[in-house]
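Notes for the one structure printed next.
We did not get these values from a lab; they are worked out from the coordinates using the rules stated. Only a predicted model underlies this, so the values are computations on that prediction, with no experimental measurement involved. Glycine gets a Cβ as well: all are built from the backbone with ideal geometry, and neighbour counts include every protein chain shown.
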Amino acid sequence: MMSETCYDVVVIGAGPVGCVAALAMNQIGLSTAVLEVQPEQSEIPDGRTLALSWNSYLILKRLNIWSSKEEQFPINRIQISDRGHFGQSVVSASDVQLPKLGFVVRFKDLLIRLRKQLSEQKVKTLFQASATSIEKHNDHSKITLDINGASSEIAARLVVMADGGHSLNMAGLKLTKTVDHGHDAIVGIITSDSKPSDMAYERFTDSGPIALLPRGNEYAFVWSVPSSESGDLLNQPEIRFLNAFQTAFGDRCGRFTSIREKRSYSLATRIAEQPSDGGIVIIGNASQALHPIAAQGLNLGLRDAWDLAEVCDTTKSENLANEDTVNNYRKKRRWDRLQTTLFSTGLNRLFSSKLSSILGVRGLGLLGLDLIPIAKKVIIRQLIFGPKL
């Protein structure tokens, strides 16, 4: 190995997936460092709300990250419906023999707790540190850093890219598929005159799907709308926005009464080329950024991080840079990545179609979920845990 500061693993990106990867690596005894281009912040401005699956909850609990506060907002049931068309299905935790389907958490709350755990576990974390180049050698990679304008170098046996794909070029990788869905996601917090329960809603509408996630006395929402309309909607006065939302969603949650923290971001699917040589792996949104229609993106990324740690746990540290390590990880993740990507893409296409023949298929599919309990159980458990082959 070279004389620069050397780690078994360097994770690029201190978002939720990168933090989980680093904490899992540290838990199995590997020396680990994290690089994050953004400054360290006590307040995280990102107000997005996340739907964590039961499996993601288990991962966080194993890493001692979970807080009982999050259990205030469980998801025990999900109602899936197609606005203006027949067929609906309700999935409950009992259908898949689980205590809960998942929990609703704020992105910023989760990220603050993850980064705090990095500090408490003494995982070296460099903020305002961007990797400018990666030079691969037989048993390690040398990473050149820019830290507040100063150049530095570190080395790692294994480099884990978890920065949403910003570092792909440095590894000689590229995106193999990019799909602009022509939609933006408007997100925010909304209240209703009907108190939320433990049921989440996935409502397919003519403008795009709407997800409602229960948070005590309010809902977090994700509304997919055509990009050409999102700007106008965001700029509408509150009463007009509420009316538009009510028209799109319907009245099954009562009358919507107030809204706050609304913002938008563009929707695209991006699939990255996977490394074939040793020493570098990509996980989370760096590997696959998915449409949020089935809330699979972060949950899939957390499974990436956990499975990578399991592969590394059965690998001698001096062999982390070997091609076999990367190939074992790719083999372990291949089917889950493929199945979840195809499911999210296919679901978006199915419920975006205006063809009358497809409308019937959608309704029958939703009806079939309730009429064939074993099919519901298999599909939902695979979405929560990934395929078990």
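Under 17 Å of direct C-alpha separation, and excluding same-chain neighbours fewer than eight residues apart, Lys262 reaches these aspartates and glutamates: Asp46, Asp184, Glu218, Glu229, Asp232, Glu238. Amide hydrogen proximity for Gly164: with H placed 1.01 Å from N in the peptide plane, the residues at 5 or more positions away or on another chain lying under 5 Å are Asn285, Ala286. 3J(HN,Hα) along segment 213-219: 10, x, 9, x, 8, 8, 10 Hz, from the Karplus curve 6.51 cos²θ - 1.76 cosθ + 1.60 with θ = phi - 60°, whole Hz, x for Gly and Pro. For the pair Trp335 and Thr5, label points projected 7 Å from Cα toward Cβ lie 4.2 nm apart. Extension gain, Phe127-Glu229: 0.36 nm per intervening residue step, less the Cα-Cα distance, totals 33.0 nm. Its Cα gyration tensor gives segment 116-184 an equivalent ellipsoid. The semi-axes, each the square root of 5 times an eigenvalue, are 25, 18, 13 Å from largest down.
What is the calculated FRET efficiency for Glu120 to Asn243, with r their C-beta to C-beta distance and R₀ = 41 Å, to the nearest 0.05? The formula returns an efficiency of 0.30 here. If you take the Cα centroid of segment 18-42 and the Cα centroid of segment 166-204, the two points sit 24 Å apart.
Listed values for segment 97-110 are Karplus-derived 3J(HN,Hα) couplings in whole Hz (6.51 cos²θ - 1.76 cosθ + 1.60, θ = phi - 60°), namely 6, 10, x, 9, 7, x, 9, 9, 9, 7, 3, 5, 5, 5, and x replaces Gly and Pro. If R0 equals 30 Å, the separation of the Cβ atoms of Asp180 and Ile44 corresponds to a calculated FRET efficiency of about 0.65.
Based on the Cα atoms of segment 64-207, what semi-axes does the equivalent ellipsoid have, where each is the square root of 5 times one gyration tensor eigenvalue, given in whole Å with the largest first?
Details: eigenvalues 336, 99, 49 Å².
Semi-axes, largest first: 41, 22, 16 Å.
Treating each Cα of segment 197-309 as an identical point scatterer and ignoring solvent, apply the Debye formula and state log10 I(q)/I(0) at q = 0.11, 0.13 Å⁻¹. Each listed q corresponds, in turn, to -0.48, -0.63.
Near Ser133, the amide H atoms lying under 5 Å from its own belong to Thr144; only residues 5 or more places off or on other chains count, and H is placed 1.01 Å from N. Annotation: amide H of Ala200 within the under-5 Å range of Asn76, Arg77, Ile78, Gln79, sequence separation 5 or more or interchain, hydrogens built in the peptide plane. With a cut-off of 11 Å between beta carbons, the residues surrounding Ile271 carry a summed charge of +3, where Lys and Arg count +1 and Asp and Glu -1. Sequentially through segment 199-206, phi angles give Karplus couplings (6.51, -1.76, 1.60; θ = phi - 60°) of 9, 9, 10, 10, 10, 8, 10, 5 Hz, Gly and Pro residues having no value and appearing as x. Could you tell me which of rounded, prolate or oblate describes segment 251-333, using a ≥ b ≥ c as the square roots of the eigenvalues of the alpha-carbon gyration tensor, with rounded for a/c under 1.5 and, failing that, prolate when a/b is larger than b/c and oblate otherwise? Verdict is prolate for segment 251-333.
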